[in-house]
Every structure is written in C-alpha cells, then in structure tokens.
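Heads up: the structure comes next, in structure tokens.
Computed from the coordinates by the stated procedures, all read-outs in this text should not be read as laboratory data. Keep in mind that what you see is a predicted model, and the values were worked out from it rather than measured. For neighbour counting, all protein chains shown are included, and Cβ atoms are generated from backbone atoms with ideal geometry for every residue, glycine included.
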Amino acid sequence: MSTTPQLEQAEPGEDLGSPGPRSSTSYGRGDRLFSGTALASGLTILVTLAAVFVFLLLKGFPGFSADPDVYGPSASNFWGYVGRLLFGTTLAAIIALVVAVPFSFALALFTSHYAPRRLAAPIAYVIDLLAAVPSVVFGLWGARTLAVTSQPVQRWLDAHLGFLPFFHGPVSATGRTILVAGIVLAIMCIPIITAISREVFKQTPRLHEEAALALGATRWEMVRYAVFPHSRSGMVAAVMLGLGRALGETMAVAMVMSSTPIVTLNLISSTNPATIASNIAANYKAEDNRIQTVLLATGLVLFLFTFLVNFAARYIAGRGERAQR
Amino acid sequence: MSTADLFETTTGSLRRRRAMTDRLVTGVIWAAFAATLVPLVWLLWVVVSKGLPSIDGNLLTHDMVQRLDPTTGKLQAGGGLEHALYGTLLVTLGAVAISVPIGLFTSIYLVEYGGRSRVARTITFLVDVMTGIPSIVAGLFGLALFTLIFGVGTRMGIMGSIALSLLMIPTVVRSAEEMMRLVPNDLREASYALGVPKWRTIVKVVIPTALGGIVTGVMLAISRVIGETAPLLVAVGAAEAVNRNLFDGRMMTLPVFIMTQYGTATPEGYDRAWAGALLLIAIVMVLNLTARLISLIFAPKTGR
C-alpha cells in the first residue's frame with residue numbers, strides 16, 4: 001500500500017460515504033463514540049496499572065504478616081525476608097551494571113560517532129538483535145555454557161583475589177554463581193542502555209561538535225567536552241532504565257543459579273543470594289497458600305521498587321529535555 | 001623517531017599525548033564493539049549447534065504425555081513440543097487480541113484527541129512507566145486477578161494472555177503513536193475540508209497512512225513478548241498434553257517448555273531445551289526481520 005491510493009481515499013466519492021450534506025448530529029454521534037472509545041482505552045491503561053497495585057496488595061497483604069516459619073530458615077519476619085531478597089536483587093543488578101555500563105556507552109559512541117557511517121546502521125541492528133533474544137535462552141546459555149566455561153576463571157579469581165570478600169571461596173563446582181548471573185544480566189541490559197544513549201548522543205547539536213573540532217579538539221576531546229555534557233541526563237536515564245530491567249529479570253537469574261535468601265558478598269560460591277524475581281520463579285509451585293501470598297507480597301515490593309527506579313529515570317530524562325529547550 | 005623526540009617541544013609532546021589518548025579511546029571503543037559481538041555470536045552458535053540435531057519430525061508432532069510404547073511395552077514420554085507450539089501460538093494471539101485494540105485506541109486518543117491535556121500527559125507517562133514493569137509482576141497480576149475471581153489454583157491460558165498484554169500494550173502504544181504523529185497534518189485537513197467527520201478521517205486517512213509502521217510496531221511487540229517466560233510460568237503453568245482451549249486449565253508454552261526441560265537435568269531434557277531455544281530464537285528473528293522488512297517497504301513513503 002503506497003501513499004498515493006491512501007491520498008485518493010481522502011478524496012471525495014472514493015470511500016468516505018456520501019459527500020453530500022449531513023446533519024451535524026450524525027457527525028457528532030460518531031465522533032463522540034469514537035473519541036469515547038479512544039479515551040476509554042487510554043483510561044484502561046490507567047486503571048490497569050492501578051489494578052496491578054491493588055490486586056497484588058489484596059492478594060499479597062496476608063503475606064506481610066504470615067507465620068514466622070513461612071519465611072524459611074533465614075528470616076523470621078517479612079521485612080527480614082524481603083530485605084535479604086532485595087539485597088540479592090540489588091547485588092545482581094549492580095554486577096550487571098558495572099559490566100554493562102562501560103560497554104554500552106562505548107557501543108553507543110561507536111554507532112553514533114566512531115563507526116564508519118555505512119556500518120553504523122547494521123551494527124545498531126545487530127545490537128538490537130541481542131535485545132530480541134528471549135531471556136529463557138539467555139538463562140539456558142548462561143547455565144549450560146557460560147557457567148561451565150567460566151568456572152576455571154572463577155577458580156582463578158578465588159586463588160589470586162581470594163583476599164577480597166567478593167571472591168572468597170569455596171568456589172562453586174558448577175560455576176553457576178551470582179557472578180555469572182550478573183554477567184548474563186549485563187548482556188541483557190547492554191542493548192537497552194546502548195539504544196537509549198545512542199539516541200541521546202546523536203542529538204548533540206552538530207554545531208557544538210564542529211565547533212569543538214574547529215578549535216583543534218581531537219575526536220575524543222570533542223566527545224568528552226561536547227557530547228557528554230550535552231547527554232549527561234540522558235545517560236543517567238539510560239543506566240536507570242537498564243537497572244530497571246536488571247532488577248526485574250527473572251529467568252536468567254533463576255536458571256543460572258540456585259539460590260536462597262541470604263546476605264553474602266561472595267560472588268563465586270555455590271550458596272547465592274536470591275533475587276525477588278528468581279525467588280518467585282523458584283517457589284511459585286509451592287502448595288502452601290501462605291507461601292503464595294508471601295511471594296505476591298514480595299512481587300509488590302519489586303513492583304514498587306522498579307516503579308521508583310523507572311520514575312526517577314523518566315524524571316531525570318524529562319528534566320534534561322526541559323533544560324535543553 | 002627517537003631523534004625527533006629529542007627536539008619535541010612541550011607543546012609537541014602535549015599534542016602527541018592528546019593524539020595518543022584519542023587513538024587509545026578509539027581502540028577501546030572498537031574493542032568494546034568486538035567484545036559485545038562475542039556473546040551474541042557465541043550464544044547463537046551454541047543454540048544452533050546444540051539445537052539443530054534434536055529438531056526432527058517427532059519433536060514437532062508429539063507432546064510429552066507418557067504413553068505405552070507398542071514395541072517395548074514401556075511407558076514413554078512423547079518427547080516433543082507440539083503442545084508448547086500450540087500454547088505459545090494461542091496465548092500470544094490472545095495477548096495480541098487484547099493489546100492491539102487497547103494500544104491502538106490509546107494512541108489515537110493521544111495523537112488525535114488528547115493534545116497536551118493533563119489526561120494525555122498522565123497516560124503518556126504511565127505508558128512509559130508500564131514499559132518498565134518486571135515481567136514476573138505482570139504474571140503475578142494475572143495470577144492474583146484470576147485467583148481472586150475463580151479461587152486459588154486457577155491456571156488458564158488467558159491469564160497468560162492478560163499478563164503478556166500488560167507487557168505488550170506500552171510497545172504498541174509508543175510505536176502507533178509515533179507513526180500516527182508522522183502522518184502529515186495536510187492529509188487530515190484535506191479530509192476535514194471535504195466535510196469528513198474526524199473519526200472517519202482517522203479510520204480512512206490517518207490509520208491507512210500509518211499502517212505499515214503500526215504493523216511493524218505490533219510485530220516487534222509480539223517478538224518481545226513471545227519469548228517471555230516468567231509471567232507464563234506463574235500464570236499459565238506447565239502441561240504435558242496439547243490444550244487448545246485458552247479458558248481451560250494449564251497450557252504449555254515454548255519458553256516454559258525450555259525451562260521445564262532444562263529443569264529435568266537429563267541429557268534428553270537438555271537436548272529438547274536447546275531444540276526449543278533454537279525454535280524460539282528462530283520465531284523471534286523471523287518476526288523481527290519481517291517487521292523490519294515491512295517498515296522498510298512502508299517507512300520512506302509515509303515519511304514524505
């Protein structure tokens with residue numbers, strides 16, 4: 001379908017009904033119906049988001065104060081339980097960001113300023129392909145391939161950097177640790193952070209860049225003094241959106257490591273701290289209704305947590321946009 | 001070079017250092033690009049090499065129900081993922097049926113009616129926020145919604161569809177909105193000038209003009225949710241037999257099939273998981289490529 005026939009559709013007598021005079025009421029009714037439907041759909045989204053919160057709260061509310069034994073051996077009340085899970089969630093997300101952020105910014109710069117122009121678009125597409133790989137495939141690959149391959153590396157880390165709390169053994173024999181889960185998460189975050197920061201980098205005014213180059217700046221100095229200052233809020237927003245993804249990702253974490261709600265900084269042992277999402281995926285089958293409500297309650301906490309992170313990200317991005325105007 | 005170095009002034013060495021830094025950064029950025037390709041190529045290669053040998057007629061036409069093998073007289077699982085293919089198809093279609101009308105009408109509201117009103121701005125903001133909902137929370141929402149209505153233990157395909165549509169709607173809204181904003185205002189005004197009511201202008205002029213982009217957006221949204229595991233695991237559960245009814249009991253879906261087969265921790269299970277992963281990646285890639293193709297065919301014309 002090209003534009004030409006569509007343009008013709010707009011011409012009288014084509015498909016638009018009788019071009020003759022009509023009463024304004026029939027116009028009005030159709031329009032009211034249509035705009036009403038449109039508004040209702042928009043409001044559906046509003047209602048749905050509220051419903052997510054309300055239903056999780058309704059079904060999860062008993063989970064906030066269930067019997068102490070429900071919270072398992074490691075915690076005795078809800079806040080202890082969810083606190084341990086939040087720790088694991090944050091730890092995995094931090095590992096992911098530490099790995100992903102430098103790569104993402106480098107990649108974004110590569111496609112916006114460094115790559116030969118003819119290569120930039122295909123490369124951006126290849127990076128988007130990474131985003132298209134389903135998380136369960138990442139999980140399978142992480143658990144069956146990356147964990148096994150990286151096990152010697154983890155042994156090496158233990159042997160040479162064991163004095164750090166992060167690599168204080170004993171090393172997991174399977175290699176399925178939170179370190180590997182974090183790296184898989186990083187690979188999943190890279191396309192998101194890259195895509196957003198690429199757009200931000202590209203929006204640097206051409207004049208700023210050319211002015212920097214004209215003053216004799218090298219390409220890196222141009223990036224550092226013209227592109228980065230202009231993009232700062234966008235970069236922060238990109239990282240926070242990546243963080244949101246890392247916080248909520250379930251399968252990659254649940255499949256890579258077996259975990260328990262504990263607090264440990266040890267990244268390479270076989271006892272790993274669970275994340276909220278992976279803990280739900282691991283225990284949702286439990287017959288015990290009380291455990292279900294606790295899981296729903298932790299889901300609510302995760303929802304609010306990611307909501308806050310995304311909210312902050314959008315706010316920062318929006319502030320940056322406003323400041324540029 | 002070393003003799004030249006002796007004569008370098010301070011400015012010269014400074015210039016050299018700046019040039020070095022520049023070249024170093026360029027090298028680092030190229031290296032980062034190469035390093036990102038490693039996991040992508042590695043993953044694709046592993047999935048193809050491990051999945052391809054296991055894909056055969058038996059895999060595609062059998063489910064996992066245990067049946068009496070007539071030759072050996074033993075109970076044997078079907079060893080296929082037919083049920084998962086049906087489940088993924090139906091649950092995804094259900095999600096499309098829910099999210100496309102809502103998403104499309106919402107973007108119509110945002111572009112044609114909302115303007116810069118408070119409601120429109122709130123909806124835009126919430127759509128942005130919705131993009132960040134963790135998929136498992138969407139699954140929990142489906143679960144909580146239906147257990148509240150039908151009681152604990154309810155599992156239906158439609159619960160998964162609702163959970164997935166929660167993840168799909170923002171993508172549909174954003175892309176459809178963007179496409180409809182690209183439709184030149186001249187077209188709308190030409191239509192109004194002919195006395196065509198607004199809603200017919202939208203249906204007959206705006207949507208057909210933006211159709212290519214909208215279809216692309218919907219397909220990208222499908223490719224985003226078709227690989228979602230966590231919400232389906234929680235809301236739809238797993239099954240061993242083909243179930244073609246979205247409103248009746250558990251269904252198997254391809255991502256959950258990969259997950260459960262991985263969970264068996266047997267060589268056959270791993271083989272089936274890899275085969276499922278290959279099929280899933282193939283489906284996602286085909287959807288993605290078709291979407292890009294459609295946008296390639298349509299985009300330049302609507303842009304003008």
In terms of Cα to Cα distance under 20 Å, which lysines are near enough to A:Lys59, apart from those fewer than 8 places away along the same chain? A:Lys285
In terms of Cα to Cα distance under 27 Å, which lysines are near enough to B:Lys198, apart from those fewer than 8 places away along the same chain? B:Lys301
Tell me, how many Å apart are the Cα centres for the stretch A:236-270 and for the stretch A:98-126? 25 Å
Is the stretch B:76-303 best put as rounded, prolate or oblate by its Cα gyration tensor, with a ≥ b ≥ c the root eigenvalues, rounded for a/c under 1.5, and otherwise prolate when a/b is larger than b/c, oblate when not? prolate
At a Förster radius of 25 Å, what calculated FRET efficiency corresponds to the Cβ-Cβ distance of A:Arg117 and B:Trp45, to the nearest 0.05? 0.30
Take the alpha-carbon centre of the stretch B:95-169, take the same for the stretch A:156-200, and report the distance between them in whole Å. 33 Å
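Let me confirm one metric for peptide A:299-309, namely the mean number of other chain beta-carbon atoms within 10 Å of its residues' beta-carbons.
4
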From phi via Karplus (6.51, -1.76, 1.60), per-residue ³J(HN,Hα) for the stretch A:98-114 in Hz, x at Gly/Pro: 4, 6, 6, 4, x, 4, 5, 5, 4, 5, 5, 4, 4, 6, 8, 10, 9
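Let me have the 222 nm mean residue ellipticity of chain A computed from DSSP H runs of 4+ only, each contributing -39500 (n - 2.57), with the sum over all residues rounded to the nearest 500.
It lands at -23000 deg cm²/dmol.
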In whole Å, how far is the Cα centre of the stretch B:204-272 from that of the stretch B:41-89? 17 Å
Structure-based [θ]222 nm, chain B - -39500 (n - 2.57) summed over DSSP H runs of at least 4, per residue, nearest 500: -24500 deg cm²/dmol
Gaussian network model of chain B, springs between alpha carbon atoms under 10 Å - residue of B:Thr36, B:Thr154, B:Thr122 with greatest fluctuation: B:Thr36
For the protein assembly as shown, just say rounded, prolate or oblate: build the C-alpha gyration tensor, square-root its eigenvalues into a ≥ b ≥ c, call rounded for a/c under 1.5, and beyond that prolate if a/b exceeds b/c, oblate if not. oblate
Long-range amide H contacts for B:Gln76: which residues qualify at under 5 Å (H placed 1.01 Å from N, peptide plane, sequence gap of 5 or more or a different chain)? B:Arg67, B:Leu68, B:Asp69
Shielding of B:252-261 by partners, i.e. mean partner chain Cβ atoms within 10 Å per residue? 3
Which far-off residues, 5 or more places away or on another chain, put their amide H under 5 Å from the one on A:Thr260, with H placed in the peptide plane? A:Asn272, A:Ala274
Computed from the beta carbon distance with a Förster radius of 30 Å, FRET efficiency for A:Leu43 and A:Asn283 to the nearest 0.05 stands at 0.25
Mean other chain Cβ within 10 Å across B:187-200 is 5
Those lysines that a straight Cα-Cα span of less than 16 Å connects to B:Lys204, excepting residues fewer than 8 apart in one chain: none
Can you give the Kirkwood hydrodynamic radius for the stretch B:66-121, in Å, rounded to one decimal and based on Cα pairs? 15.3 Å
Burial-style ranking of B:100-108, A:156-164, B:224-232, average other-beta-carbon count within 10 Å with highest first, yields B:224-232, B:100-108, A:156-164
Can you give the extra length, in nm with one decimal, that the chain gains between A:Ala312 and A:Leu213 once fully stretched, where that is 0.36 nm per residue apart less the Cα-Cα distance? 32.2 nm
Prolate/oblate/rounded call for the stretch A:52-324, Cα gyration tensor, a/c under 1.5 rounded: prolate
Using the Karplus equation 6.51 cos²θ - 1.76 cosθ + 1.60 (θ = phi - 60°), what ³J(HN,Hα) coupling, rounded to whole Hz, does each residue of the stretch A:303-314 give in order, writing x for Gly and Pro? 4, 5, 4, 5, 4, 4, 4, 5, 4, 4, 4, 5
